[in-house]
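Accompanying notes for the structure given below.
Every number here is computed from the coordinates shown, using simple stated rules; none is lab data. These numbers were taken from a predicted model, which means no experiment stands behind them. With ideal geometry, Cβ positions are generated from the backbone for all residues, glycine too; neighbour counts draw on all protein chains shown.
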Amino acid sequence: MKNTSTIIPVYQPDCQVNSWKKLLKEAVSTPASLLEAVGLAEHPIRLQLAELSEFKTRVPQPYIDKMTKGNPDDPLLRQVLSHQNETITFSGYSKNPLKEEHNAIPGLLHKYKGRVLLILASACAVNCRYCFRRHFPYQDSLASGAQLENALSYIAKSPSISEVILSGGDPLMVSDSRLFEVIAKLEDIPHLKRLRFHTRLPVVIPQRITQALVDRLNHSRLKISLVLHINHANEIDSLLSEYLALFASSKITLLNQSVLLKGVNDSLDSLQELSEKLFENKVLPYYLHLLDKVIGAAHFEVNTNVAVKLIEELQKRLPGYLVPKLAREEPGRASKTVIA
Ligand code: SF4
């Protein structure tokens, strides 16, 4: 942590709230302005950009700050810069690769036994170009207002459900006060034991980890886990480390899931560095996902055999607890398929 003369004012919640919302509002929103922000406005790569209205560019400044300026191959830039490759449709790729269906109750996905996914927000703070939900109709699938009450009532009437997963759109897009209301309602359901957040927001705007949020989660009767989505060690800069340190003395479990992406993290050194840096920040590597075959993301695909080999080699370099499980999601399966 920095000394108190330079530290971000984490103990002043109002300041913090304004800070993360302002950063969100000011996120870069076109590929051209993103190139400009990283000193590549005149680079030939500008001729390969694609501006896609259905899945726009969205990149907050703290994430841009982690990129190496002037490098068109920067692994963070590659994840968020929209490319003409996204407009090509490849065989085997579809708009809804996991065949996620609308539940009878909007905002609720009951994919796995004992667990339900609750969708509180329709957007994320960043638009990752490989996202399997890039075509997902969030507007029809949001748990808000009466729909949230219906979703909560479904959970309350289903004693087999022991865990709720708040997922994306990013659940931390919701304000702390709204989030705390939802948490309180979930805590009132006696058979619920665990609450999990799937979020990438702190990775692109670390200021989203407010002290109030940490305190509220830490005092929940539910066992809380925060599953971050970090794909590359460069995403963990000193600012993110500072904010992750707020969880250090809490009861909250920090895990990470990544997606294996060509040109981003598909090397042994990159995966090793990521696992080690996660652990330095008290985050355990959990899953390394194979790419979901969504239209627009084919240029990120890493062959399964290559992926398995990477994990086998990683096992030789690292202790078991630092090697993520290589997994794939398959439509209709009751759980992820662990490959290695
Ligand atoms: S944060 Fe997650 S859900 Fe949101 S765009 Fe990125 S990959 Fe998709």
*Just wondering, is there one or more residues in segment 139-146 that are within 16 Å of the ligand (Cβ to nearest atom), in a helix (DSSP H, G or I) and either among the polar types (S, T, N, Q) or more than 25 Å from Leu260 (Cα to Cα) (or both)?*
yes
*Taking segment 196-242 as the search range and keeping residues that are among the polar types (S, T, N, Q) and surrounded by fewer than 20 Cβ atoms within 10 Å (Cβ to Cβ), which one is nearest to Ser122 (Cα to Cα)?*
Ser225
*Is it the case that segment 139-162 has a residue that's more than 23 Å from Asn96 (Cα to Cα), among the aromatic types (Phe, Trp, Tyr) and surrounded by 16 or more Cβ atoms within 10 Å (Cβ to Cβ)?*
yes
*Six or more apart or on different chains, Cβ under 6 Å: which pairs go from a residue in segment 54-66 that's more than 21 Å from Phe132 (Cβ to Cβ) to one that's in a loop (DSSP other than H, G, I, E, B) and among the acidic types (Asp, Glu)? Could you list them?*
Lys66/Asp237
*If you check every pair at least six apart or on different chains, which have Cβ atoms under 6 Å apart with a residue in segment 286-300 that is part of a loop (DSSP other than H, G, I, E, B) first and a residue that is surrounded by fewer than 18 Cβ atoms within 10 Å (Cβ to Cβ) and hydroxyl-bearing (Ser, Thr, Tyr) second?*
Lys293/Tyr93; Ile295/Thr89; Ile295/Tyr93
*Assuming Leu246 fulfils every condition listed in (1) within 29 Å of Arg216 (Cα to Cα); (2) assigned to a loop (DSSP other than H, G, I, E, B) apart from one, which condition is it?*
(2)
*Residue check: is Arg129 part of a loop (DSSP other than H, G, I, E, B), basic (Lys, Arg), within 16 Å of the ligand (Cβ to nearest atom) and surrounded by fewer than 21 Cβ atoms within 10 Å (Cβ to Cβ)?*
no
*asked:* Filter segment 47-79 down to the residues that are in contact with a Pro (Cβ under 8 Å, 6 or more places away or on another chain) and surrounded by fewer than 21 Cβ atoms within 10 Å (Cβ to Cβ) and list them by number.
replied: Leu49, Ala50, Glu51
*asked:* Among the residues in segment 293-308, are any on the phi > 0 side of the Ramachandran plot and charged (D, E, K, R)?
replied: no
_Among residues of segment 183-223, those that are within 16 Å of the ligand (Cβ to nearest atom) and closer than 11 Å to Leu172 by Cβ, counted_ = 11
*Could you list, in sequence order, the residues of segment 183-203 that are hydrophobic (A, V, I, L, M, F, W, C) and in contact (Cβ under 8 Å) with a residue 12 or more places away in the chain?*
Ile183, Leu186, Ile189, Leu192, Leu195, Phe197, Leu201, Val203
_Search result, residues across segment 164-182 that are charged (D, E, K, R) and either within 16 Å of the ligand (Cβ to nearest atom) or free of Cβ contacts under 8 Å to residues at least 60 places away in the same chain (or both)_ = Asp170, Arg178, Glu181
*Any residue at all in segment 111-119 that is of a type in the set (Lys, Arg), part of a loop (DSSP other than H, G, I, E, B), closer than 30 Å to Glu301 by Cβ and within 16 Å of the ligand (Cβ to nearest atom)?*
no
